[in-house]
1. Name the pairs whose Cβ atoms lie under 7 Å apart, with the first residue in region 21-41 and under 18 Å from ILE9 (Cβ atoms), the second surrounded by 10 or more Cβ atoms within 10 Å (Cβ to Cβ) and among the acidic types (Asp, Glu), and 6 or more positions between them or separate chains?
2. State yes or no: is VAL10 in contact with a Phe, Trp or Tyr (Cβ under 6 Å, 6 or more places away or on another chain) and either surrounded by 10 or more Cβ atoms within 10 Å (Cβ to Cβ) or among the charged types (D, E, K, R) (or both)?
Amino acid sequence: MAQAIYNGIVRGRTVVLADDVDLPDGTGVVVTPVEPVKGSREAVLAAVNAPPHLKPGDVAELLRLIEEGKRPVRFGDPFAQRPRSRKR
């Protein structure tokens, strides 16, 4: 007998199936986690929900440090040829 495969997602400690599946209570199942495709909705949500979890104070500190580390912008061309001094 071929085994059916159903797609679902974990919410809390419950697996919610994507399809309308009528499995009787007590049916044994095997759940195999699937790695989300990079850039997919699931991958983005997994990254957002993964540790480290930041507090608002952490974000404020990061923004403060970024401001503190800013350097002035130089508009000169670092590769421009400088005129050579003429020897007499």
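1. Note: pairs meeting the criteria are PRO36/GLU42.
2. No.
Computed from the coordinates by the stated procedures, all read-outs in this text should not be read as laboratory data. Only a predicted model underlies this, so the values are computations on that prediction, with no experimental measurement involved. FYI the Cβ positions are ideal-geometry reconstructions off the backbone, even for glycines, and counts take in every protein chain you see.
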